[in-house]
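Take a look at the structure set out below.
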């Protein structure tokens, strides 16, 4: 999804730049299209504000780095890179927006390999896996109970958190009593 988004941004940026680049020299136009030649290092460094100099030895696509008749000055490179960067940012803001999910997800599921339960005299603690390797989030639980299986950490609207523990339940078996047709008719009278 992200690759498709960036490809769309590059294609729309080229369309937006077409009229502007007609006024430029061939080498200047060539440099602008080199910055937009694909989803690669020079494209993202352009978005970071860097001014890149084409180098055929390190280029993503050697066809975009032809030898120039005249070297482009740093002022020209900065000017063209600025025009391309502003166009890309305008396209990202107004034309090709990054896809967003429609629903707000306020829960995280943890299976048994993603948490540890620790009981001490101070209480029961739950250590949840985090995005940082080797680092766990420690939560103090109210009360003591046996925790196993899948957990759900839910963020409520008031920025409070609750923990749901799913425990398999065994239901009592109910026996159906079959009423005879005589007792049914007797109750209907």
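Nothing in this text is a laboratory measurement; each read-out follows from the coordinates by a stated rule. Computed from a predicted model, the values in this text were never measured in an experiment.
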task = Classify the range 71-175 as rounded, prolate or oblate, taking a ≥ b ≥ c as the square roots of the eigenvalues of its Cα gyration tensor: rounded when a/c is under 1.5, otherwise prolate if a/b is larger than b/c and oblate if not.
result = prolate
task = Average the reciprocal distances over every distinct pair of alpha-carbons in the range 107-165, invert the result, and give the Kirkwood radius in Å.
result = 12.1 Å
ask   = Under the definition of Cα pairs under 8 Å and six or more residues apart, what whole-number percent is the relative contact order of the range 107-165?
value = 32 percent
